[in-house]
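> Take this structure first; my questions come after.
The values are calculated or read from the model by the stated rules, or taken from the named source; none is laboratory data. The model shown is predicted, which means the values in this text are computed figures rather than measured ones. In this analysis, Cβ positions are derived from the backbone assuming ideal geometry, glycine residues included, and neighbour counts consider all displayed protein chains. These area figures cover heavy atoms from the full protein model, side chains too; ligands, DNA and RNA do not enter into them. Shrake-Rupley method; radii C 1.70, N 1.55, O 1.52, S 1.80 Å.
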Amino acid sequence: MYDELCGFEGKAAAVGGRGKDPVNEPMIRHWCEAMGDTSPAYSGPDAIAPPTMLQAWTMGGLSGHADGTGRATAYDELLALLDGAGYTSVVATDCEQEYRRPLRPGDAVTFDAVIESVSPRKTTRLGTGHFVTTRMDIRAGADGELAGTHRFRILKYAPAPAAVAASASTSPAAVPRERVPDRPTARRPRPVVNRDNRGFWDGIAEHRLLIQRCTGCGTLRFPWLPGCNACASPDWDTVEASGSGTVFSYVVMHHPPFPAFDPPYAVALVELAEGVRMVSNVTGVPYDEVRIGMPVQLEFLRCDEELELPVFRADEPQGSER
Ligand code: ZN
């Protein structure tokens, strides 16, 4: 098997790839904002792209590269061979980059990648498998000058039995659902109760949803905080929420799986009648029937002997509106 894997070393993983966009200022700006990088080198008339953006210029995005640009079959064949041998899970382990020349707005980017090495069989905490390293050469400009290289390493592995539950989502094929321990087995996370929010949890114990109100300016606030965002006063009292609200927004959680939660489930941002919003669960309807604007009513969910949470029950079945 290992000899066969080594036969892939030196074969192409991508040939003749072309970046979807030339190096450009908007992508640089978004990257810098996301990274919190305020270096002056990345803006202005002499801007260069952050070197660590190297791979970003080669990415195909959700839609991939049109007309198969950059595709080569050897890498797919190697992964299929590993899948067939039972190494069906994959995790990215590390990457190394070398920078030869800066990329600047306007540079068109091309790239090729090669399967650089396949490791002997290794056993890690995740499981046993092979590390696969690819090296991508990224070139820029009309002369195709080498701008940098990007080495990317993955571990293709068969999950260790103890890791099966934790990595259940990495590859459905590797982990038949019936092998996943019955869910949920764990208890929901405990809230962190401190002097700033103890009043809230005391209220929950009495089945009262309490909203903080600034006694300086009357502004309501949620979640509980030590001071008023509107006037900075540290003084407050509470008002009890009526319990009526509407779904202001929501997400449906599929991944990652957490112990004590059974995905998919909806997590809603509920706007209370009093105007503040809180994150909670919507009960009484399936996760895929939660809708923005849906009226909901407070109720209390007994999770276990020591934890009770405020949740919101959908007021009426949605029925034919779907
Ligand atoms: Zn205030």
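> What single numbered condition from (1) over 25 Å from the mean Cα position of the chain (by Cα); (2) under 28 Å from S117 (Cβ atoms) fails to hold for W57?
(1)
> A follow-up question, please. Does any residue of the range 140-150 turn out to be in a strand (DSSP E or B) and in contact with a Gly (Cβ under 6 Å, 6 or more places away or on another chain)?
no
> The conditions are (1) within 16 Å of the ligand (Cβ to nearest atom); (2) touching a Cys at 6+ places or on another chain (Cβ under 8 Å); (3) closer than 24 Å to P189 by Cβ, and Q212 fails exactly one of them. Which is it?
Going through (1) within 16 Å of the ligand (Cβ to nearest atom); (2) touching a Cys at 6+ places or on another chain (Cβ under 8 Å); (3) closer than 24 Å to P189 by Cβ one by one, Q212 breaks only (2).
> I've got another one for you. Restricting attention to the range 84-102, does a residue exist that is loosely packed, with under 12 Cβ neighbours inside 10 Å and part of a loop (DSSP other than H, G, I, E, B)?
No; the residues of the range 84-102 include none that is loosely packed, with under 12 Cβ neighbours inside 10 Å and part of a loop (DSSP other than H, G, I, E, B).
> If we scan the range 38-59, do we find a residue that is without any contact (Cβ under 8 Å) to a residue 60 or more places away in the chain, open to solvent by 60 Å² or more (accessible area, probe 1.4 Å), outside any strand (DSSP E or B) and within 28 Å of P159 (Cβ to Cβ)?
Yes, the range 38-59 has at least one match.
> Could you list, in sequence order, all residues of the range 5-34 that are part of a helix (DSSP H, G or I) and in contact with a strand residue (DSSP E or B) (Cβ under 7 Å, 6 or more places away or on another chain)?
Answer for the range 5-34, where residues must be part of a helix (DSSP H, G or I) and in contact with a strand residue (DSSP E or B) (Cβ under 7 Å, 6 or more places away or on another chain): L5, C6.
> Report yes if some residue within the range 226-237 is within 22 Å of W201 (Cα to Cα), in contact (Cβ under 8 Å) with a residue 12 or more places away in the chain and away from the ligand (no atom under 16 Å from the Cβ); otherwise report no.
Checking the range 226-237: not a single residue is within 22 Å of W201 (Cα to Cα), in contact (Cβ under 8 Å) with a residue 12 or more places away in the chain and away from the ligand (no atom under 16 Å from the Cβ).
> Can you pull out every residue in the range 109-136 that is over 18 Å from D94 (Cβ atoms), touching a Gly at 6+ places or on another chain (Cβ under 8 Å) and in a strand (DSSP E or B)?
V109, T110, F111, D112
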